[in-house]
Amino acid sequence: MLMDIRAAFESLVKEAKWMDDKTRKEALLKVEAMGHMIGFPQNLLKHGYLEDLYSELKVEKGMFLKSVVNIHTVNANKALKSLTSPQQRRHNISSELPDPFVVNAYNVITHNFIVIPSGILRVPLYGLGLEALNYGAIGFVLAHELTHSFDNKGRTFDKEGEQKNWWTQNTTIEFNKRADCFKKQYGSYKVQDRHINGRATLGENIADNGGLRESIRAYRNYVNRNGKEQKLPGLEHLSHEQLLYLSFANVWCQSTTKQADILLLQDVHSPAKYRVIGTLSNMEDFSEAWSCPAGSNMNPKEKCVLW
């Protein structure tokens, strides 16, 4: 799935007429160099790895507070040691990986590395029976994280995870034009009579929009390789692409209080409702799949597109 998504992103880069050849080449090299960890670090299976990892740690029976202090002391010492060895820090990502059981996903832009812990590889994001549903849910998550390497912040890091400007001036101007479109779009949405902060949520909105475009392309790659899937029992009237978009929307289905809505406006992610509406309304493929009339809310004439 990740390889399909990577290929989909590469195709979007190659088709981006607003990029010049120099920047395009660097972008393709960056995605090619991107590392990943799916599930859990393979080091966990190596004999003696865990013993070495905790060799400096002492947990003292009956002394909970002291043991907690010991844990933080060991972690602090490791962090301080890494500061004196930037080369080692760049190539040793294990200290920055989340626990495998965490229900989340990450892009470690300082390592050009995406992490999908085993905790998120469960229903309702994975194991949904049809790959159309899986690509719309966990596939979107994978693509979202990959796209973070090319959002307004991630793009300022190179393939080695070093902060470096590898964009030409003209391509930067074109990127910012398209990014401004997202700022205005999401900034126009209101929750409890308060506007979403289009600037603060920009990176996540870019990742959402690019991620879903990659997901649908990746699923088509899967179908080309494996053939069409069976219909979903009870929903045979829906196409597989319609199911993919339904699966994506279902990920963000939630119920919140008014107070929670207001608090969520402080987050770098747009509220769930607009992660769905904002992303889908920018996609011509969605409008075609669901026959949305031209000029309707879900098929506006002006769409924001970056990746």
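The values are calculated or read from the model by the stated rules, or taken from the named source; none is laboratory data. Keep in mind the model is a prediction, meaning the values are calculated, not measured. Note: ideal-geometry Cβ built from the backbone for every residue, glycine included; neighbour counts use all protein chains shown. For the accessible areas, the whole protein counts, side chains as well, though only heavy atoms, and no ligand, DNA or RNA atoms are used. Shrake-Rupley method; radii C 1.70, N 1.55, O 1.52, S 1.80 Å.
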- Query: So, by mean Cβ neighbours within 10 angstrom, what's the order for 133-142, 101-110 with the highest one leading?
  - Reply: 133-142, 101-110
- Query: If you take every DSSP beta bridge whose two residues both sit in region 1-133, what share of them, in percent to the nearest 5, is antiparallel?
  - Reply: 40
- Message: What number does region 174-307 give for Rg over Rh if you use C-alpha atoms and the Kirkwood radius?
- Response: 1.00
- Considering the dipole of the chain built from charges on the beta carbon (Lys and Arg +1, Asp and Glu -1) around the Cα centre, which of Y245, I138, Y106 is farthest to its positive end? Y106
- Task: For region 9-128, evaluate the Debye formula with one uniform point scatterer on each Cα (no solvent term) and list log10 I(q)/I(0) at q = 0.15, 0.16, 0.19 Å⁻¹, rounded to two decimals.
- Result: -0.93, -1.00, -1.19
- Message: Just to confirm my understanding: which cysteines in the chain have no other cysteine beta carbon less than 4.7 Å from their beta carbon?
- Response: C253, C292
- Note on the structure: region 263-278 and region 202-241 have their Cα centres apart by a whole-number Å value of 22
- Task: Could you size up the charge dipole of the chain around its Cα centre, putting +1 on the beta carbon of Lys and Arg and -1 on that of Asp and Glu, and report it in debye to the nearest 20?
- Result: 480
- Task: Take the Cα gyration tensor of region 121-165, multiply each eigenvalue by 5, square-root it, and list the three semi-axes largest first, rounded to whole angstrom.
- Result: 30, 8, 7
- Over 29 Å (Cα to Cα) among K30/K183; K22/K190; K25/K273 -> K22/K190; K25/K273
- Task: Give the accessible area for M1 in Å² (nearest 10); use a 1.4 Å probe, count only protein heavy atoms, and leave out ligands, DNA and RNA.
- Result: 60
- Task: Work from the charge dipole of the chain (Cβ charges, +1 for Lys and Arg, -1 for Asp and Glu, about the Cα centre) and give the residue of S118, Y54, F40 farthest towards its positive end.
- Result: Y54
- Item | Value of [θ]222 nm, deg cm²/dmol, for the chain, DSSP H segments ≥ 4, -39500 (n - 2.57) each, nearest 500 | -15500 deg cm²/dmol
- Debye-sum result for the chain in log10 I(q)/I(0), which assumes one identical scatterer on each alpha carbon, at q = 0.07, 0.08, 0.09, 0.14 Å⁻¹: -0.32, -0.42, -0.53, -1.16
- Could you work out the Kirkwood radius for region 210-283, taking every pair of different alpha carbons, averaging 1/r and inverting it, reported in Å? 14.4
- Message: Quick check: at a probe of 1.4 Å, how many percent of the accessible area of the chain sits on carbon and sulfur atoms?
- Response: 54
- Message: Taking just the alpha-carbon atoms of region 267-307, what radius of gyration and Dmax come out, in angstrom?
- Response: 10.7, 33
- Item | Average silhouette area of region 118-252, convex hull of alpha-carbon atoms, in square nanometres | 11.2
- Where labels lie 7 Å past Cα in the beta-carbon direction, separation of V305 and E15 in nm: 0.7
- Note on the structure: Residues whose built amide H sits under 5 Å from the amide H of F157, excluding neighbours closer than 5 in sequence, are K164
